[in-house]
Amino acid sequence: MLKIISDAYSNGLFTAVIPQMQGGFAIAMMIAGVILCLLIGYVLGSLNFSLIVSKKMYGDDVREHGSKNAGTTNMMRTYGTKAAVLTILGDILKAVVAVLICSFLMGVMHGGYSAALGAVIGHVFPVFYKFRGGKGVATAAAAILVLNPIAFLVVIGVFLLTVIFTRYISLGSVLAAAIYPLITFYTYFSGRSALPGSGFAFICTLIMALIVILKHHENLYRLAHGSESKFSFKKSKKNDKDEKNGNNSDK
């Protein structure tokens, strides 16, 4: 039973059937399957939990505070640890669900990576929130963990070391994103032969990395000019002051 589940996850329910079809129809079905997985990932990715949590718990919009970003770091600075934890758990869960569903449908290489890319795009440009989302870091990290645990360990290691030594989450995120396609390429192409779909998977990781890096362009500008905020486990003093004045109170 476990082998059947493992084979279905690795190869996909539909991709096992597609090779038996005739040329043009098989290609069309493969393209349709990839598009479907992109859409599944995009819709689930559009469930931005920083916006959900800030709305449901605080009657507020986190995009109106701090960095104006709908992400975990701004949730931490604006509302505190509880809000940030709920946000990151939600953003992780949606990516995991999207990747698992699509891996069973189209296999890891085509379905899983399509869903991961769709989830990151959805998080950054959510259809439910006027296409104003976060930067896709937590969502991408969760997808990487499911798709390629080895790549995840390297990426999270780069991120944590950078944050520990510099306290800049943005710098850690950018460096981790930059190294991710390189690790994926090494993982899939360093052996004698690459697995089918490895090239497609690599292209997806490259696009995901570019999206995350480009979404940090303002942070990179502030880093270059020495004005980027360093990470803290406390809400910012400005937000505490706003709460006392009734500008950021729970509603």
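The values are calculated or read from the model by the stated rules, or taken from the named source; none is laboratory data. All values derive from a computational prediction rather than experimental measurement. Ideal geometry is used to build each Cβ from the backbone, glycine not excepted, and the neighbour counts take in all protein chains shown.
Worth pointing out:
- Residue match in the range 62-69 (condition: over 22 Å from ILE213 (Cβ atoms), surrounded by fewer than 23 Cβ atoms within 10 Å (Cβ to Cβ), free of Cβ contacts under 8 Å to residues at least 40 places away in the same chain and of a type outside the set (Phe, Trp, Tyr)): yes
- When the range 183-230 is filtered for residues that are buried (at least 16 other Cβ atoms within 10 Å of the Cβ), outside any helix (DSSP H, G or I) and at negative phi, the ones remaining, listed by number, are ALA194, HIS216, GLU228, SER229.
- Elements of the type helices (runs of 4 or more DSSP H) sitting completely within the range 111-181 and holding at least 2 residues that are surrounded by fewer than 18 Cβ atoms within 10 Å (Cβ to Cβ): these cover 149-166.
Yes or no, residue by residue, for (1) at pLDDT below 90; (2) among the aliphatic types (A, V, I, L, M); (3) assigned to a loop (DSSP other than H, G, I, E, B):
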residue	(1), (2), (3)
MET57	yes, yes, no
THR73	yes, no, no
THR87	no, no, no
ASP91	no, no, no
LYS94	no, no, no
VAL97	no, yes, no
ILE101	no, yes, no
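- Residue in the range 142-155 that is free of Cβ contacts under 8 Å to residues at least 12 places away in the same chain, among the hydrophobic types (A, V, I, L, M, F, W, C) and more than 20 Å from VAL99 (Cβ to Cβ) present: no
- Taken over the range 70-95, the criterion of being surrounded by fewer than 17 Cβ atoms within 10 Å (Cβ to Cβ), aliphatic (A, V, I, L, M) and in contact (Cβ under 8 Å) with a residue 24 or more places away in the chain is satisfied by LEU89, LEU93.
- Qualifying residue in the range 210-231 (condition: modelled with pLDDT of 90 or more, hydroxyl-bearing (Ser, Thr, Tyr) and within 20 Å of ILE121 (Cα to Cα)): no
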